Amino acid sequence: MTHVDQTDETDMSFITRLARQYDAVAKPVNKLYVLAKKGQLKSLSGKKLSTVKVGLPANNQPTNHNFINAHATLPSRGKYHGVVTLWWDGKAAKEREVKIGKPAYKKLRHLFDSETKAREIGESQLRKLGRKGVNVSLEMSANPLLVAEGLIELDGSFPAHMHGKWSIERVMYRGNKSMGCRCSVSAGVVVE
């Protein structure tokens, strides 16, 4: 059975390190630390999150209260399409590798103690690589259904490269009496 050691770090730092390693998110909920894979359709507290569908208003001008400012970042080409992890085979007394995906491979430096663990971490890192650099940012009217780890679906009123579902990474709300309540949404591509 494999285990992970916690040394010279707080509980939250340890949990956050594990979440990063497994491409997950960590959050304290009711005096417990909860971990969940990114892009899940449930909140960390277990509630099912609904997909929020968004379309541009007919008169999308900065003077309109419902104005939406949006932009996407789409890298021209991903550098890596696969991951190589290493594990120690104690019976054969040598390092072995696990390849996940296809070339070009990103090689992880850590040596894992089992093939299973090496495969798990490799799959997590490949999911993470699939999302890297592909994101959309929106400035829009506040919507309480927009939450981190939820999904937002941009309809056909947006440019073609923005259509579809995006996994919300961050939502920041702000407002005052003159402008009302607005929010900034950052989301990454949904990787199945």
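Please treat every number below as a calculation from the coordinates, not as lab data. Since the structure is predicted, the reported quantities are computational estimates derived from the model, not experimental observations. All Cβ positions, even for glycine, are placed from backbone atoms using ideal geometry, and neighbour counts span all protein chains on display.
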Subject >> Normalised per residue, the volume of the convex hull around the Cα set of region 58-147 (Å³) >> reply: 137 Å³
**OP:** Just order 138-146, 119-127, 10-18, 170-178 by mean Cβ neighbour count inside 10 Å, highest at the front, would you?
**Re:** 119-127, 138-146, 10-18, 170-178
Original post:
Just from its helices, what would the mean residue ellipticity at 222 nm be for the chain, if runs of 4 or more DSSP H residues each count -39500 (n - 2.57) and the sum is divided by every residue, rounded to the nearest 500 deg cm²/dmol?
Top reply: -4500 deg cm²/dmol
Original post:
So for the chain: antiparallel DSSP bridges make up what percent, rounded to the nearest 5?
Top reply: 85 percent
Original post:
Computed over the Cα atoms of the chain, what is the ratio Rg over Rh, Rh following Kirkwood?
Top reply: 1.06
**OP:** Among the aspartates and glutamates, select those whose C-alpha is under 12 Å from the C-alpha of residue 107, and discard any that sit fewer than 8 residues away in the same chain.
**Re:** 97
Subject >> Full-extension gain in nm, residue 74 to residue 4, via 0.36 nm per residue minus C-alpha separation >> reply: 21.6 nm
**OP:** State, as an integer percentage, the relative contact order of the chain based on alpha-carbon contacts under 8 Å between residues 6 or more apart.
**Re:** 21 percent
Original post:
If you put +1 on each Lys and Arg Cβ and -1 on each Asp and Glu Cβ, how big is the dipole of region 81-150 around its Cα centre, in Debye rounded to 20?
Top reply: 340 debye
**OP:** With everything on Cα atoms, drop me the angle between helix 11-21 and the longest principal axis of the chain, reported from 0 to 90° to the nearest 10.
**Re:** 90 degrees
Subject >> Estimated dipole of the chain in Debye, rounded to 20 [Cβ of Lys and Arg +1, of Asp and Glu -1, Cα centre] >> reply: 220 debye
**OP:** Determine the distance separating the Cα centre of region 125-192 from the Cα centre of region 61-117; give it in Å without decimals.
**Re:** 22 Å
Original post:
How many nm is it between the label spots at residue 61 and residue 91, if each spot is 7 Å from the Cα in line with the beta carbon?
Top reply: 7.4 nm
Original post:
Want the number for residue 31 to residue 48: 0.36 nm per residue separation, take away the alpha-carbon distance, what's left?
Top reply: 4.1 nm
**OP:** Go through 94/128; 79/132; 102/128; 99/128; 106/165; 53/177 and tell me which ones have a Cα-Cα distance over 21 Å in this structure.
**Re:** 94/128; 106/165; 53/177
Original post:
Angle between the Cα long axis of helix 115-131 and the longest principal axis of the chain, 0 to 90 degrees, nearest 10?
Top reply: 20 degrees
